[in-house]
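Written below as structure tokens is the structure these notes are about.
Nothing in this text is a laboratory measurement; each read-out follows from the coordinates by a stated rule. The structure displayed is predicted, hence computed values, not measured ones. FYI the Cβ positions are ideal-geometry reconstructions off the backbone, even for glycines, and counts take in every protein chain you see.
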Amino acid sequence: MIDRRNFIGKSLGIGAGTALAATVATAAPAMAARKGDDHVPVAGLHTFDTPKQVKAGLLNVGYAEIGPANGPVVICLHGYPYGTRSFAVTAPLLADRGYRVIVPYLRGYGTTRFLTADTFRNGQQAALGVDLIAFMDALKINKAVLAGFDWGTSVACVTAALWPERCKAIVATTGYAITSLAANLQPASAEVEHNWWYRSYFATERGRLAMEDPQKRRDLNRLDWQLTSPTVDDAVFDSVAVAFDNPDHAAIVIHHYRWQLSIAAGERQYDALEAKLAKLPAITVPSVALDPDRDPFTPPGEGASYRNHFTGRYEHRTLKGIGAHVPWEAPVAFADAVMTAARL
């Protein structure tokens, strides 16, 4: 079984604490990952240093691509506070198995930019789903496996619910992630509210000002990692954190969480889509749900609470010893979930 904390370092023959810092800058040597008794060969880490760009909807989207151009398409979707480099290990694993792996930056991250300065910096779930459909249209991708974590899971679920014809299957880390504004008006348990500390903080003016300050933003995002991805070290964070330098990062993050609490309005152009999502529609496409047991947002047994939202072919897997940063902490398990979803 993989020791996920030291997977990169052991594979490359260097210390875990400096593994990503030493390998993201340059392509890594060949390595092999182990999952039980199965070996998954990989060309190496993907650097993601020179993203491609494509105009799609309201955005000029930055994205990485690896694997054969004619392979089945997998779109990997990151969350907050992460970026495309979260998939630096997972993407080559999938590409080595013949998948065309595409990893876009969401709005407000990395090299993705709005096409016009006067576009509202909106972080609501429907807007993110529309972004993905526009991105697929721009790349002429009719159908893909969508694999996400954190916000990426929300984007995958929203897209699968609203446009199932565009989804071959999804991988949903932490399960069903469509937001109910009505449910969010009600207080949760003390433990859950504690885990959502940053959502409450971002509802304040102090939180907004902190996110607009580059160093405070970095410190806040690092603290989030510390609490939700305890097995990920500073070298990994330093690499992924380049995504937070986007000029719209603070605005998108603040609006995303304020919208979830109904203290910031969405845009009327998304009202019809949000009305459908408010009914918490079922996910009908084949799905694999992943529950990392060290992520505080997925307590033991949580999978049963959302099982009924998945009405297509379905598998649920608990990842022992894994935090929120699943594609990095458990790259083989994440890649295996993608391949399983594609076969369901």
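Values computed for the structure shown
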item: Cα-projected label distance for Asp238 with Gln226, points at 7 Å along beta-carbon direction, nm; result: 1.7 nm
item: Most fluctuating residue given options Ile133, Ile252, Ile141, as computed from a GNM of the chain linking Cα atoms under 10 Å; result: Ile141
item: R0 of 22 Å, Cβ-Cβ distance Leu181-Thr284: FRET efficiency to nearest 0.05; result: 0.45
item: Length-normalised contact order for the chain - Cα pairs under 8 Å, 6+ apart - percent; result: 20 percent
item: Of Lys55/Lys140; Lys52/Lys320; Lys143/Lys276, those spanning more than 23 Å from alpha-carbon to alpha-carbon; result: Lys52/Lys320
item: Net length gained if the chain between Thr340 and Ile263 were fully extended (0.36 nm per residue, minus Cα distance); result: 23.8 nm
item: Residue-count net charge about Tyr270 - beta-carbon cut-off 12 Å; Lys, Arg +1, Asp, Glu -1; result: -2
item: Max mean-square fluctuation residue, GNM over the chain, Cα-Cα springs under 10 Å, options Ala251, Ala304, Ala117; result: Ala117
item: 3J(HN,Hα) from dihedral phi, segment 62-69, Karplus parametrisation 6.51/-1.76/1.60, rounded to Hz, x for glycine, proline; result: x, 8, 9, 9, 8, x, x, 5
item: Difference of contour (0.36 nm per residue) and Cα-Cα distance, Asp118 to Glu315; result: 66.6 nm
item: Cα extents of segment 172-244 along the three principal axes, largest first (Å); result: 38, 31, 21
item: Vicinal HN-Hα couplings computed from phi for segment 140-155 (Karplus, 6.51 cos²θ - 1.76 cosθ + 1.60; Hz; Gly/Pro x); result: 6, 9, 7, 8, 8, 7, 10, 10, x, 9, 6, 3, x, 5, 4, 4
item: Potential extension, Gln53-Ala272 segment - 0.36 nm per residue separation minus Cα distance; result: 75.9 nm
item: Segment 197-344 - Rg (one decimal) and Dmax (whole number), Cα, Å; result: 17.6, 47
item: Convex hull per residue volume in Å³, alpha carbons only, for the chain; result: 123 Å³
item: Residue of Gln125, Gln269, Gln260 that the Gaussian network model of the chain assigns the largest fluctuation, springs spanning Cα pairs under 10 Å; result: Gln269
